[in-house]
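Take a look at the structure set out below.
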Amino acid sequence: MNATPEKTILVTGGAGFIGSNFCRYILEKYPAYRVVVLDALTYAGNLSTISDIQNHPNYNSRFVFYPGKIQDETVVSGIIKAENIDHIVNFAAESHNDRSILEPGSFIQTDVYGVFTLLDATKKYNLQRMVHISTDEVYGTIDEGQFTEKSPLEPNTPYSASKAGGEMQVRAHGITFNTPAVTTRCGNNFGPFQYPEKLIPFFVTRLIDNKKVPIYGSGQQVRDWVYVMDHCSGIDHVLHHGSIGEAYNIGSEGELTNMEITSRLLKHLGKPDTLIKYIPDPRGGAHDKRYSIDASKLTGLGWIHSYNFEQALEKTVQWYVDNQEWWREIVATEDYQVFVRRFYGKYLGEDL
Ligand SMILES: NC(=O)c1ccc[n+]([C@@H]2O[C@H](COP(=O)([O-])OP(=O)(O)OC[C@H]3O[C@@H](n4cnc5c(N)ncnc54)[C@H](O)[C@@H]3O)[C@@H](O)[C@H]2O)c1
């Protein structure tokens with residue numbers, strides 16, 4: 001008979017990019033923890049993203065998957081009771097800015113109402129803690145300096161506004177009901193298993209096939225890049241050491257422009273600059289110019305990021321070269337093809 005696990009964590013959105021990497025991280029680091037995933041398997045969630053976990057001899061007895069939506073209170077309650085959940089880490093979200101421009105309404109259901117449902121369950125079942133995964137995009141854009149956790153939330157896109165709405169639910173539940181929840185805000189992630197609509201995997205998968213990559217405007221938008229495993233270790237630190245009711249920035253001083261990232265991708269893959277296509281910025285005035293966060297509140301609690309940016313980026317590019325079966329199945333789906341045509345068709349024309 002198995003010993004009682006120290007924690008049983010409900011990881012919502014665990015079949016997506018960061019959530020699945022977090023499951024691997026936790027199962028590897030804490031041999032006595034169980035991980036239960038609830039994921040709606042939207043276009044961005046795939047069973048192929050977690051099949052290595054389900055088949056892993058050291059993980060599979062401590063890992064359970066449930067399909068379903070976080071905004072379905074019956075499903076959430078049923079899982080908490082059946083699996084004796086004591087913690088929630090919420091990754092489930094509609095997470096793509098460009099899609100939020102095409103379909104803003106769908107973001108509110110998951111990113112706001114879904115967060116409320118999880119908070120309500122955390123309170124109702126006296127869970128020990130809920131960690132809500134938010135984003136640095138809630139702060140909006142900054143020309144100089146860095147955002148701290150005290151900076152005002154000034155989201156500029158439907159995605160970041162919905163994430164800010166979810167955060168407000170976390171804050172209000174903590175103050176009104178003493179719900180034990182905490183929020184993290186991280187910069188742009190990269191790493192294995194990222195759905196190939198986001199900048200790095202979108203560009204890498206297209207470059208592998210010698211297709212053109214679209215740079216919005218002049219590509220001078222600055223993002224604060226974080227390797228996904230550093231994000232996971234930051235969340236782990238907040239799960240174990242963060243103070244209830246607080247928000248924590250997670251960053252690793254990885255500021256680069258989109259153009260600088262693109263140059264590195266071309267170099268790692270040995271592809272020419274002629275594969276860049278400059279297009280008018282589809283996000284217009286909503287395209288934040290620069291994100292930059294100060295993570296000293298979390299480093300003050302003893303967290304440090306451990307990956308070298310350049311090595312992690314090269315390793316990530318190689319992962320997409322080595323795991324073409326995973327992403328080719330996704331880019332062949334109707335949903336992916338329709339999205340790329342709808343969003344980029346008019347800009348890329350015959351280069352689509
Ligand atoms: N990707 C980044 O750079 C980044 C940076 C900072 C914060 N975040 C946040 O981290 C979280 C995870 O991001 P990601 O990049 O892994 O996203 P993702 O799109 O790869 O994964 C999201 C997952 O949530 C699932 N999901 C969507 N709606 C759901 C619902 N209603 N119920 C249950 N599951 C649902 C999807 O099926 C998918 O598996 C998000 O909350 C996002 O806002 C992302």
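The values are calculated or read from the model by the stated rules, or taken from the named source; none is laboratory data. What you see is a predicted model; the values in this text were computed from it and never measured. Counting neighbours? That spans all protein chains shown, and the Cβs are built from the backbone with ideal geometry, glycine included.
Filter the stretch 98-111 for residues that are surrounded by fewer than 21 Cβ atoms within 10 Å (Cβ to Cβ) and more than 10 Å from the ligand (Cβ to nearest atom); which is farthest from Trp225 (Cα to Cα)? Ranking the candidates gives Gly105 first.
Can you say whether Thr262 is at pLDDT 95 or above, assigned to a helix (DSSP H, G or I) and surrounded by 16 or more Cβ atoms within 10 Å (Cβ to Cβ), as far as the supplied structure shows? Yes. Close Cβ contacts (under 9 Å, 6 or more residues apart or on different chains) running from residues in the stretch 44-57 that are within 11 Å of Ile330 (Cα to Cα) and touching a residue at least 60 places away in the same chain (Cβ under 8 Å) to residues that are surrounded by 13 or more Cβ atoms within 10 Å (Cβ to Cβ) and charged (D, E, K, R) comprise Ala44/Glu94; Ala44/Glu197.
Restricting the stretch 58-83 to residues that are in contact with a helix residue (DSSP H, G or I) (Cβ under 8 Å, 6 or more places away or on another chain), within 13 Å of the ligand (Cβ to nearest atom) and without any contact (Cβ under 8 Å) to a residue 40 or more places away in the chain leaves a set whose member that is nearest to Glu167 (Cα to Cα) is Gly68. Is it the case that Gly245 is at positive phi, free of Cβ contacts under 8 Å to residues at least 12 places away in the same chain and either surrounded by fewer than 17 Cβ atoms within 10 Å (Cβ to Cβ) or touching a Leu at 6+ places or on another chain (Cβ under 8 Å) (or both)? No; evaluated as a whole, the condition is false for this residue. Among the residues of the stretch 169-183, the ones that are touching a residue at least 12 places away in the same chain (Cβ under 8 Å), of a type in the set (Gly, Ala, Ser) and surrounded by fewer than 23 Cβ atoms within 10 Å (Cβ to Cβ) come to 1 in all.
Would you call Ala15 within 18 Å of the chain's Cα centre (by Cα) and either within 14 Å of the ligand (Cβ to nearest atom) or surrounded by fewer than 20 Cβ atoms within 10 Å (Cβ to Cβ) (or both)? Yes; evaluated as a whole, the condition is true for this residue. Evaluate the following for Asp86: is it touching a Ser or Thr at 6+ places or on another chain (Cβ under 9 Å), of a type in the set (D, E, K, R) and within 15 Å of the ligand (Cβ to nearest atom)? Judged against the criteria, Asp86 is not a match. If the condition is being assigned to a loop (DSSP other than H, G, I, E, B), buried (at least 17 other Cβ atoms within 10 Å of the Cβ) and either free of Cβ contacts under 8 Å to residues at least 24 places away in the same chain or in contact with a helix residue (DSSP H, G or I) (Cβ under 7 Å, 6 or more places away or on another chain) (or both), then the stretch 289-303 contributes Tyr291, Trp303. Can you name the residue in the stretch 55-71 that is within 21 Å of the chain's Cα centre (by Cα) and of a type outside the set (Phe, Trp, Tyr) and, of all such residues, is surrounded by the most Cβ atoms within 10 Å (Cβ to Cβ)? Checking each candidate, the answer is Ile70. Pairs please, first residue from the stretch 117-136 and under 16 Å from Gln71 (Cα atoms), second anywhere and modelled with pLDDT of 95 or more and surrounded by fewer than 17 Cβ atoms within 10 Å (Cβ to Cβ), Cβ atoms under 7 Å, 6+ apart in sequence or on different chains. Correct list of pairs: Thr117/Glu73; Ala121/Ser77; Lys123/Phe177.
When Lys163, Lys198 are screened for being out of contact with any helix residue (DSSP H, G or I) (no Cβ under 7 Å at 6 or more places or on another chain) and within 9 Å of the ligand (Cβ to nearest atom), only Lys198 passes. Do we have any residue at all in the stretch 116-131 that's among the hydrophobic types (A, V, I, L, M, F, W, C), closer than 18 Å to Gly174 by Cβ, near the ligand (Cβ under 9 Å from one of its atoms) and buried (at least 24 other Cβ atoms within 10 Å of the Cβ)? There is no residue in the stretch 116-131 that is among the hydrophobic types (A, V, I, L, M, F, W, C), closer than 18 Å to Gly174 by Cβ, near the ligand (Cβ under 9 Å from one of its atoms) and buried (at least 24 other Cβ atoms within 10 Å of the Cβ). Residues of the stretch 28-49 that are out of contact with any Cys (no Cβ under 7 Å at 6 or more places or on another chain) and either charged (D, E, K, R) or surrounded by 20 or more Cβ atoms within 10 Å (Cβ to Cβ) (or both): Glu28, Lys29, Arg34, Val36, Leu38, Asp39, Ala40, Ala44, Gly45, Asn46, Thr49.
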